[in-house]
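A.B. asks: Dumping the structure here so I can ask a few things about it.
What follows draws every value from the coordinates through simple rules; no lab data is involved. Source: prediction; values computed, not measured. Cβ atoms come from the backbone with ideal geometry, glycine included; neighbour counts cover every protein chain shown.
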Amino acid sequence: MNIFQPKILKTLKTYTKEQFLKDVIAGIIVAVIALPLSIALALASGVRPEQGLYTAIIAGFVIAMLGGSRVNISGPTAAFATIVAGIVATKGLDGLIIATIMAGIILIIMGLLRFGSLIRFIPYTITTGFTAGIAVTIVIGQVKDFCGMSFTTRPIETKEKVEAIISNLSTFHLQAFLLGVLCVLIQVFWPKVTKKVPGSLIAILVSIAVVKVFHLEVNTIGSLYEISNKLPVFHFPGIDFKNVSDLLPDAFTIAMLAGIESLLSCVVSDGMINGRHNPNTELIAQGAGNLLSGLFGGIPATGAIARTTANVKNGGRTPVAGMVHAVVLCLILVLLMPYASMIPMPAIAAILFVVAYHMSEWRHFVDLIRTAPKSDILILLVTFILTVVFDLVIAIEIGIILAALTFMKRMADTTQVTGWKYLADEKENQEDLMLKAVPDNTLVYEIDGPMFFGAAEKFVNIPMDKSINTIIFRMRGVPAMDATGLRSLEKVKSKCEKNEINLLLSHVREQPMAAMRKAGFDKKIGEENFCENIDAALSRARSLALESGGNTVNNA
């Protein structure tokens, strides 16, 4: 599979007018769905409302045009809200631009290095843990606007937000709260009426009408933010080494989140259209989209599963639908953005509450708690708690470290070095044994599992004394070997030489053999001591026993 193959090049070869009409309709519907979400997610990220639309327009168009999926729709998502808000609060908008640009570059490099297929190795427990954690932080961050509260400070960390909520309970605003509840109920029950028009848009329209008719005293977007309907303009921030180094961990987190969520969205859409995406092309496109989004005033973007699903269900089958969605949002920005000033903040909070509920996947979270092994539950809970209490960067780093340690422990537990039992040890069941003639003073060890650093000590601690003439390692069950495993084998060889013991290797598979040859270990062992199978190894041991003066055999 080639690294960069945009799907649009393939789909346009057989493109028809009928499909173009379907793509246009799907693109318009997806734009209507993306409009309130883009504004809400921009506000949750601590930036101006139009910057959410900039992201959906720039990144949405570029990723659709260059992407490796036919139907993936990209734009701002809730996964980035917490980390973006933290960057804006501490490093400002220029810091966010730098982090987004670096994330785009990292994604492009990941795609060029064919890392697309490696994303699947991120454990499900980690993605579930940090996704649920992000959902909780979004809810906590929106309690203020949902309840119409007033803060005397501008809290950044989740802990600070909780403290601010508790200390400012006296500012609770009943009208704002009831309006927020109404907007939540509309989003819950509106899909029972129709799924063609998103409940979030209806909630916004109803909330504006209620505020105007009943003259409610609640904050609106216009009362808190300046709204612009200008098109995005190019802006390159001032860059210095300290900013770049400080923002690098955030950039890596954004890149990984973008890669995971986008490719997950591609996998889901593949199942819906019976298609197949190119993961490396998608990563490159996501990188280009994020890079340009940052340069034109947007925030990080990735594939959005909900918008992608809506695209497919409404007939979108080519990247043209994603490009139309971006163009329609651009028209809305220019023509209708001033009206966004009338949107009540409780309605925005209500939209984000529902987004957080859906992204939390709490049922999967509970199922993992009930059914997963204890080590997986530990990873899940640690990632979740660290995401809520500290931040996403720390949560993912610790989660991956724990997952790697758990994996190594499991792999080490599956690797076994067992000695063959001799006839003298099994006198009661001689007739049931598959017996082989083993030369006297010869030990045979069966190795099952990878020879790697997690299980290295198992190969070194084997008994050796002057009575042993030959040791055979039967390695048909060893699929792979790393440098530490090879080093352990070298130690065994050294011990054998000190005790004048011959070391034979039986049935060495391709990867371990290649590792030995690259390190020159095959020459230390001697080609004649690599045996095709156990029978050849036993025959070789027999010859060595005769050479040393022994002539008896055991059955094993």
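A.B. asks: Could you tell me the calculated FRET efficiency between residue 234 and residue 498, based on Cβ-Cβ distance and R0 = 60 angstrom, to the nearest 0.05?
C.D. replies: Efficiency, rounded to the nearest 0.05: 0.30.
A.B. asks: Show me 372-379, 178-185, 285-292, 259-266 ranked by packing, highest mean number of other Cβ atoms within 10 Å first.
C.D. replies: Order by mean packing, descending: 285-292, 259-266, 178-185, 372-379.
A.B. asks: Further question: Please list, in order, the residues from the stretch 471-515 whose amide nitrogen is less than 16 Å from a point placed 7 Å along the Cα→Cβ vector of residue 414.
C.D. replies: 476-482
A.B. asks: Which one of 381, 300, 548 is farthest out on the positive end of the charge dipole of the chain, using unit charges on Cβ (Lys, Arg +1; Asp, Glu -1) and the Cα centre as origin?
C.D. replies: The Cα lying farthest towards the positive end belongs to 300.
A.B. asks: Please give the FRET efficiency for residue 166 paired with residue 371, using the beta carbon to beta carbon distance and R0 = 35 Å, rounded to the nearest 0.05.
C.D. replies: The computed FRET efficiency comes out at 0.50.
A.B. asks: Could you derive backbone 3J(HN,Hα) for the stretch 135-146 from the dihedral phi with the Karplus parameters 6.51, -1.76 and 1.60 (θ = phi - 60°), listing whole Hz in sequence and x where the residue is Gly or Pro?
C.D. replies: With coefficients 6.51, -1.76 and 1.60, one gets 4, 5, 5, 5, 4, 4, x, 9, 4, 4, 6, 5 Hz.
A.B. asks: Roughly how many nanometres apart are two label points built 7 Å out from the Cα toward the Cβ at residue 465 and residue 273?
C.D. replies: Roughly 7.1 nm, to one decimal.
A.B. asks: For the chain, what is the convex hull volume of the alpha-carbon atoms per residue, in Å³?
C.D. replies: Dividing the Cα hull volume of the chain by its residue count gives 209 Å³.
A.B. asks: May I pose another question? For the stretch 43-140, state which trypsin sites (Lys or Arg not before Pro) are in a DSSP loop and have at most 16 other beta carbons lying within 10 Å of their beta carbon.
C.D. replies: Passing sites in the stretch 43-140 are 114.
A.B. asks: With 22 Å as the limit, write out which pairs from 22/313; 196/230; 466/491 have Cα-Cα distances beyond it, or answer none.
C.D. replies: Listed pairs above 22 Å: 196/230.
A.B. asks: Sticking with this one: If each of residue 3 and residue 362 carries a label point 7 Å out from its Cα toward its Cβ, how far apart are those two points in nm?
C.D. replies: About 4.5 nm separates the two model spin labels.
A.B. asks: Same structure, new question: So what's the angle, to the nearest 10 degrees on a 0 to 90 scale, between helix 199-214 and the longest Cα principal axis of the chain?
C.D. replies: Result, in degrees: 30.
A.B. asks: Where both residues lie in the chain, what percent of DSSP beta bridges are antiparallel, nearest 5?
C.D. replies: Looking only at bridges with both residues in the chain, the antiparallel portion is about 40 percent.
A.B. asks: Okay, next question. Grab the beta carbon distance between residue 407 and residue 385, set R0 = 22 Å, and tell me the FRET efficiency rounded to 0.05.
C.D. replies: That gives a FRET efficiency of 0.55.
A.B. asks: Set Lys and Arg Cβ to +1 and Asp and Glu Cβ to -1, take the dipole of the stretch 8-406 about its Cα centre, and tell me which of 247, 228, 32 lies farthest positive.
C.D. replies: 32
A.B. asks: So how tilted is helix 534-547 from the main axis of the chain? Cα-based, degrees 0 to 90, rounded to 10.
C.D. replies: 40
A.B. asks: Evaluate the relative contact order of the chain (contact order divided by residue number), counting alpha-carbon pairs under 8 angstrom at least 6 apart; express in whole percent.
C.D. replies: 23
A.B. asks: Quick one: check the C-alpha center-to-center distance for the stretch 308-383 versus the stretch 111-125, whole angstrom.
C.D. replies: Cα centroid to Cα centroid, the span is 22 Å.
A.B. asks: Determine the distance separating the Cα centre of the stretch 131-148 from the Cα centre of the stretch 233-267; give it in Å without decimals.
C.D. replies: 23
A.B. asks: Follow-up. Listing 277, 325, 215 from the residue with the fewest other Cβ atoms within 10 Å to the one with the most, what is the order?
C.D. replies: So the ranking, lowest neighbour count to highest, is 215, 277, 325.
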